[in-house]
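S.K.: Please read through the structure below; I'll follow up with questions.
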Amino acid sequence: MNWTAIGTIAEVVAAAAVVVSLIYLAVQVRQTSGSVRAATELEAARMWSEFHARAAHSLDMTRIWDLGHTDAEQLTEQEQQRFIWFVAEYFFLVEGLFRQFRHSFLSESSWRPHEAAVVGLLENELLIRWWQSGVSPFSPEFVEAIDRAREARRDEAWSYKKLGKL
């Protein structure tokens with residue numbers, strides 16, 4: 001066997017080793033991404049649970065939350081502020097989830113219910129005024145995404161009304 005043949009065999013073996021290494025790395029990256037996604041979704045569930053527990057364990061906050069959704073005008077000015085701050089806290093949690101979703105660490109099926117909840121909250125007149133006032137320190141990307149989702153929901157509702165399905 002001459003040196004040219006040995007060199008060719010060595011190149012083939014090296015190329016095969018590179019391919020095997022790349023496949024191994026791809027599998028590792030995929031497993032790591034899955035682990036990160038699972039951890040993020042577990043953390044999202046924990047945050048959501050803690051948020052609800054805070055309201056559920058305070059009769060005063062439960063009353064403010066419920067009345068804020070049904071008839072915010074019956075709340076005192078201080079209670080309206082508390083309602084807005086509580087909603088803002090939820091929006092901060094959701095913005096964190098939005099960032100995780102944008103980086104593919106949160107699945108779409110986990111993200112969409114939170115997006116829908118925020119859009120639903122923004123049907124409340126008190127919260128609409130707060131959201132549109134621009135006083136909230138949310139990122140422009142989050143505000144834009146929520147506003148797009150709100151517009152899509154309005155368009156969908158309009159099309160159903162036009163078709164006589166509502």
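The values are calculated or read from the model by the stated rules, or taken from the named source; none is laboratory data. Since the structure is predicted, the reported quantities are computational estimates derived from the model, not experimental observations. Neighbour counts run over all protein chains shown; Cβ positions are idealised from the backbone, glycine included. Ligands, DNA and RNA are stripped out before the accessible areas are found, and what is left, the full protein with its side chains, is counted by its heavy atoms. Shrake-Rupley method; radii C 1.70, N 1.55, O 1.52, S 1.80 Å.
S.K.: If you scan the stretch 107-159, which residues turn out to be of a type in the set (D, E, K, R), closer than 29 Å to Leu75 by Cβ and within 13 Å of the chain's Cα centre (by Cα)?
M.R.: Scanning the stretch 107-159 gives a single hit, Glu115.
S.K.: Here's a check for you: in the stretch 66-113, which residue that is touching a residue at least 60 places away in the same chain (Cβ under 8 Å) and not in a loop (DSSP other than H, G, I, E, B) is surrounded by the most Cβ atoms within 10 Å (Cβ to Cβ)?
M.R.: Checked the stretch 66-113; the qualifying residue surrounded by the most Cβ atoms within 10 Å (Cβ to Cβ) is Gln100.
S.K.: Among the residues of the stretch 114-154, which ones are closer than 18 Å to Gln81 by Cα and open to solvent by 50 Å² or more (accessible area, probe 1.4 Å)?
M.R.: Once the filter is applied, which keeps residues that are closer than 18 Å to Gln81 by Cα and open to solvent by 50 Å² or more (accessible area, probe 1.4 Å), the stretch 114-154 yields Glu123, Glu125, Arg129, Gln132, Ser133, Gly134, Val135, Pro137.
S.K.: Does Thr4 qualify as being open to solvent by 90 Å² or more (accessible area, probe 1.4 Å) and either under 25 Å from Glu151 (Cα atoms) or in contact with a Lys or Arg (Cβ under 9 Å, 6 or more places away or on another chain) (or both)?
M.R.: Against the criterion (open to solvent by 90 Å² or more (accessible area, probe 1.4 Å) and either under 25 Å from Glu151 (Cα atoms) or in contact with a Lys or Arg (Cβ under 9 Å, 6 or more places away or on another chain) (or both)), Thr4 does not qualify.
Residue-by-condition table, conditions (1) modelled with pLDDT of 75 or more; (2) open to solvent by less than 60 Å² (accessible area, probe 1.4 Å):
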{"position": "Ala14", "(1), (2)": "yes, yes"}
{"position": "Leu25", "(1), (2)": "no, no"}
{"position": "Val36", "(1), (2)": "no, yes"}
{"position": "Thr40", "(1), (2)": "no, yes"}
